[in-house]
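One structure below.
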Amino acid sequence: MYELVILAQLMAYPAHGYLIAKIINDIIGPYARLSSGRLYPLLAKLEQNGLIAIDTEAQSGQHGDRHLRIYKITEAGRQRFYLLMRDTSSNPGDYHELFRIKVTAFAFISPDERLHLIDHYIHYCQAHLHHLHSEIDAMWRDSQNYPQLVASPYRVQCIVNSMEHSIDCWQLEQNWARNLHDRELALAKQATAEDHPLS
């Protein structure tokens, strides 16, 4: 996830580590903070892999007594960015967090690619909703068949309440994705109208 955030930031413009860290922490905060001890080794690794480079032409200011290094994305980094953006199969358990990161970088991919990612995420949400509904039904069925569950109806209710909360959250995610889809279609329609105005 951090690799994608860094590359997406550098797709926009070169930046120093302090700014990159601030942007990452703004996105993932307030409790999941990316420390300098974790960021700079990652920047070094991306540089070693040829995905980013030091921007020698950029003016780097001072931060305390340290000289700020300005990073820029390379052509290999751009290709890696596009690969990460298109990937929908890695990290399926955390994909909802990854998708939020991808949305912040939609400006750098084509409308068709944006719609593909949104459609995939809508189906991802639907899969979670289907799973949770099925599991709740199974929970109530099992509570009638297993004495240990019948003996603790309060615990069953607590589990079901938690799962129903997850359903509400996934429904909100799906609604958000559908709104994104509608927005992309509206932008595509507007662009078509501007390219082919009525005479």
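The values are calculated or read from the model by the stated rules, or taken from the named source; none is laboratory data. Here the structure is a predicted model, which is why all the values come from computation and not from measurement. Here the Cβ positions follow ideal geometry from the backbone for every residue, glycine too, while neighbour counts run over all protein chains shown.
One table, with the values for the structure above:
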item	result
Tally, over region 1-24, of residues that are outside any helix (DSSP H, G or I) and within 13 Å of TYR71 (Cβ to Cβ)	4
Verdict on ILE28 being surrounded by 15 or more Cβ atoms within 10 Å (Cβ to Cβ) and modelled with pLDDT under 85	yes
Some residue of region 36-45 being modelled with pLDDT of 95 or more, assigned by TED's automatic domain parsing to the domain that holds LEU10, in a loop (DSSP other than H, G, I, E, B) and under 23 Å from the mean Cα position of the chain (by Cα)	no
Condition broken by ILE27, with the remaining ones in (1) aliphatic (A, V, I, L, M); (2) touching a residue at least 12 places away in the same chain (Cβ under 8 Å); (3) assigned to a loop (DSSP other than H, G, I, E, B) satisfied	(3)
Which listed residue, of LEU84, LEU19, is in contact (Cβ under 8 Å) with a residue 12 or more places away in the chain and either at negative phi or not basic (Lys, Arg) (or both)	LEU84
Only one of TYR18, TYR13 that is modelled with pLDDT of 85 or more and either under 30 Å from ILE122 (Cβ atoms) or in contact with a strand residue (DSSP E or B) (Cβ under 7 Å, 6 or more places away or on another chain) (or both)	TYR18
Candidate set from region 103-115 (those that are of a type outside the set (A, V, I, L, M, F, W, C) and under 14 Å from the mean Cα position of the chain (by Cα)); member that is nearest to ASN179 (Cα to Cα)	ARG114
Output for region 74-124, where each listed residue is touching a strand residue (DSSP E or B) at 6+ places or on another chain (Cβ under 6 Å) and buried (at least 19 other Cβ atoms within 10 Å of the Cβ)	GLY77
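Results for (1) modelled with pLDDT of 90 or more; (2) outside the structural domain of LEU10 (by TED's automatic domain parsing); (3) outside any helix (DSSP H, G or I); (4) over 27 Å from the mean Cα position of the chain (by Cα), shown as yes or no for each residue.
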residue	(1), (2), (3), (4)
GLY93	no, yes, no, no
LEU117	yes, yes, no, no
GLN126	yes, yes, no, no
SER134	yes, yes, no, no
ALA138	no, yes, no, yes
GLN144	no, yes, no, yes
VAL156	no, yes, no, yes
VAL160	no, yes, no, yes
MET163	yes, yes, no, no
